[in-house]
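*Asks:* Attaching a single structure in structure tokens format; questions to follow.
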Amino acid sequence: MANRFKAALFKGPGELEVREVIAPDLNPGEVLVKVRACGICGSDLNIFRRNPPIPKYWGGHEISGEIVATGPGVEGMNAGERVSVAPLIPCNECELCRAGLENICPNCVFISFNARGGFSEYVVAPRENIYRLPENVSFIEAVLLEPLADVIHSFGRAGEISGKTIVVVGCGTIGLLTVAAAKALGAKRIVAIGKYGHQRRLAALLGADSAFDSAATEMEKKVIEVLSGAKADLVFETVGGYESESITQSLNILKPGGTIMLSGVHYKTPNMNLKFLTEREIEIKGTQRYRRVDYASAIDLYSKGAINGSLLVTHRVSLEEIMRGYSIALDKDTNGAVKVVVCP
């Protein structure tokens, strides 16, 4: 690698600039990866349009590529190998890490926020964050492994998936992967609720038995009707954001004793009736990122052909076209976008 390479840096909210940066040193235990594909995530969009926190370096955390070089002490990794780069770097020393909860490590480093991200020609990561790609997983589809690991982790917290009636609220990347993974793991019935028509159509292709418009009149009633008058065992709320209607919807379509998994990141306290939690013994659980075992499980599930990720990748742009990529991702309805991938 040359002493300098290109990366897409933030100039400020709503503005990225591709320019040359100084190549970092390769420290012991680290691996240098040539980035072949990096997905634009919803969190990237939030940072882009909502005004900081601006990352210290540059964004991009859904990364795949090939190994260029390894630092001292790295064994079993060779130049040219195709890999996925997991962005979460836990401290491995705190109480949570020692308890196997590295996904909520308070001292973690996250590639794309406080470490150099994948919207660049190269990325550096610890050996522990490098996963070999199976031959049948392309660089492009491999950008879905990081969000799929999030989904697998949420399943672990939700409990048994096989045989359950599941409603997925939100049909972005996480929601659609939740549909696909639930289908692969034997869910009895899956209902998806999405904002855009193209998302709902994809949900059906990925395994949803029914898909409803989140803005439809009496949408919750329609969901219950299609479930033959029953309610859901599990609801995966993947929307988040600054509104709370999706949580209210989730409560109304969940059966007593059921569980709501909050995969979406909520930025304000929702207006909800907590009486439901006691009277109906409802559980609401949060889920954050993934553990290493979840990442490995995501790769294993994907490599078995259980998930058709190619359906989710709707657009590709070069690094120089990254502003166009963000524009496409920000206007999902007009562009029919789900996952926009940057290919440096």
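All of the numbers you see were taken from the coordinates with simple rules; none came from a lab. Predicted model, so just to flag it, every value in this text is computed and none were measured. Positions of Cβ are generated from backbone atoms using ideal geometry, with glycine treated the same way; all protein chains shown enter the neighbour counts.
*Asks:* Taking 0.36 nm per residue of sequence separation and subtracting the Cα-Cα distance, how much length would be gained by fully extending the chain between E17 and S162, in nm to one decimal?
*Replies:* 47.6 nm
*Asks:* So, one more: Filter the GluC sites (Glu not before Pro) in region 192-290 down to the DSSP loop ones having no more than 13 other Cβ atoms within 10 Å, then list what survives.
*Replies:* E218, E281
*Asks:* Turning to a different aspect of this structure: Can you give the direction-averaged projected area of the convex hull of the alpha-carbon atoms in region 148-286, in nm²?
*Replies:* With every direction weighted equally, the projected area is 7.4 nm².
*Asks:* Only Cα pairs under 8 Å and at least 6 apart count here; give the relative contact order of the chain as a rounded whole percent.
*Replies:* Computed over the chain, the figure is 17 percent.
*Asks:* Specify the longest stretch of the chain that does not include any exposed loop site, a site being one of the chymotrypsin sites (Phe, Trp or Tyr not before Pro) with a non-H, G, I, E, B DSSP assignment and at most 12 other Cβ atoms within 10 Å.
*Replies:* Within the chain, the longest run free of exposed chymotrypsin sites (Phe, Trp or Tyr not before Pro) spans 1-241.
*Asks:* Just how far, in whole angstrom, is region 31-102 from region 291-317 if you go by their alpha carbon centroids?
*Replies:* Measuring centre to centre over Cα atoms gives 16 Å.
*Asks:* How high is the FRET efficiency from E279 to N92, r the C-beta distance, R0 35 Å, rounded to 0.05?
*Replies:* Result of the calculation: an efficiency of 0.25.
*Asks:* Might you report the magnitude of the Cβ-based charge dipole of the chain about its Cα centre, with Lys and Arg at +1 and Asp and Glu at -1, to the nearest 20 debye?
*Replies:* Computed about the Cα centre, the dipole is about 400 debye.
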